[in-house]
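Report on one structure; see the data block that follows.
Bear in mind that the values in this text are calculations on the coordinates, not laboratory data. Everything quoted here is computed from the prediction, not taken from an experiment. Here the Cβ positions follow ideal geometry from the backbone for every residue, glycine too, while neighbour counts run over all protein chains shown.
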Amino acid sequence: MTTIIQPRARVLQMPEYHPPLGNRDSLRLDFNENTLACSPAVLAAIQSLSAADLTRYPERGPVEALAARHLGLSPEQVILTNGVDEAIHILCQAFLDPGDELLLPVPTYAMYEIYASATDAGVVHVQAGPDFAFPFEALLAAITPKTKLIAIANPNSPTGSVCTREQILAIAQAAPQAVVLVDEAYFHFYGQTVMDLIGKLPNLIVARTFSKAYGLASLRLGLLAGPESLLHWTRRVLSPYSVNMVALTALQSALTHPEAQSYLDWYVAEVKESRTAFLAALTEIGLAWWPTEANFVLVNIGPSHKHFASSMREQGILVRDRSADPGCDGLVRITIGTRAQMRLAVAAIQEFFATGAHSA
């Protein structure tokens, strides 16, 4: 007799995340990564590692302290994680009990819901309107005593919209029983932060990633900043060796080497200039798009969205069809890279619409 082993009922009910990875040797405008390269100084630091260095377990403590100083915080207020994904995971594990609720403005990053679904907590969606502005009033109205975690991507993906500082303050004050996570993955392209409120708002936690502007996506490196009273509990469910030595070495260089900082500043400025030019080109083509403060834009392609994505791939340019997201039917997200890269993207988009492929 064959026994079929099943996972927990909660796992059976979890939504699945299937990123379209694989065969990405093209112009990568699909995952909001740095589209060029990491800093040469960071690469040099990685290349300096010896074979003996790789035999030791990684020590995150000294680099966490360095990251804390970089942010103007104490070491007790910072945790380095294996990408922001692990940061979200440990927050859900630490703070969501059966019967609790995650409050989630949608559309947004899928992993908030997936990790919350792995617990026995519920997920309450707050749908943004057609303009994709942050649904502030609706979110405030959805707060209940069951609300124990509120996840706010700021800027949000896939929309590029933002939640203002005043709105974040109001939400944190309206839900003192809940952890308010502000995910600032795209901070560098927006320029505004609530990191300075860490320790001042007792329920605020801020996440950052080194996968985007820093160009270190393959090393999986993220960060949580928050009050020591909250991070104390997240450390209990954190793997002690989840951040590897290669990532720690890269981060040390990224945060301290003058050339690394200059490179970061250059790349961010380049993307911002490119964003302005690309949005103007989309308007000239006749495409509707939503205002964005990130290194991507959500574009209304319409019924031909699948054909558009496949046609762009055939031309060596990857974009992300987001039609399956709540309220996003017909919409495609396009990462914004350098000006030279986006000129290639504009030419491919123009060709798609000029040839009538969109109506095929």
- line: Expressed in nanometres to one decimal, the distance between label points 7 Å along Cα→Cβ at GLN192 and ARG339 is 2.7 nm
- prompt: For the chain, what's the relative contact order in percent, using C-alpha pairs closer than 8 Å and at least 6 residues apart?
  reply: 22 percent
- prompt: Can you give the helix-only mean residue ellipticity at 222 nm for the chain, where every DSSP H stretch with n ≥ 4 adds -39500 (n - 2.57) and the sum goes over all residues, rounded to the nearest 500 deg cm²/dmol?
  reply: -11500 deg cm²/dmol
query: Which percent, nearest 5, of DSSP beta bridges in the range 40-257 are antiparallel?
result: 30 percent
- line: Relative contact order in percent for the range 80-152 (Cα pairs under 8 Å, 6+ apart) equals 38 percent
- prompt: So for the range 127-243: antiparallel DSSP bridges make up what percent, rounded to the nearest 5?
  reply: 30 percent
query: Which cross-chain or sequence-distant (5 or more) residues have an amide H under 5 Å from the amide H of TYR109, H modelled 1.01 Å from N in plane?
result: SER157
query: Which is the longest part of the chain that has none of the chymotrypsin sites (Phe, Trp or Tyr not before Pro) sitting in a DSSP loop with at most 15 other Cβ atoms within 10 Å?
result: 18-240
Cα-based shape type of the range 219-360, given that a ≥ b ≥ c are square roots of the gyration tensor eigenvalues and the cut on a/c is 1.5: prolate
query: How would you classify the range 57-132 from its alpha-carbon gyration tensor, with a ≥ b ≥ c the square roots of the eigenvalues: rounded for a/c under 1.5, else prolate if a/b is greater than b/c, otherwise oblate?
result: prolate
- line: Taking GluC sites (Glu not before Pro) as exposed when in a DSSP loop with at most 13 other Cβ atoms inside 10 Å, the chain has its longest clean stretch at 60-360
- line: Calculating log10 I(q)/I(0) by the Debye sum over Cα atoms at q = 0.08, 0.10, 0.11, 0.12 Å⁻¹ from this structure picks out, from (1) -0.41, -0.65, -0.79, -0.93; (2) -0.49, -0.73, -0.86, -0.98; (3) -0.58, -0.84, -0.95, -1.04, entry (1)
message: With unit charges on the beta carbons (Lys and Arg positive, Asp and Glu negative) and the dipole taken about the Cα centre of the chain, which residue among LEU181, ALA133, ILE317 sits farthest to the positive side?
response: ILE317
- prompt: DSSP H helices in the chain with Cα extent of 18 Å or more along the helix axis and mean Kyte-Doolittle hydropathy at least 0.0?
  reply: 83-95, 339-354
task: Please say if the range 188-279 is rounded, prolate or oblate, where rounded means a/c under 1.5 for a ≥ b ≥ c the square roots of the C-alpha gyration tensor eigenvalues, and otherwise the choice is prolate for a/b larger than b/c and oblate otherwise?
output: oblate
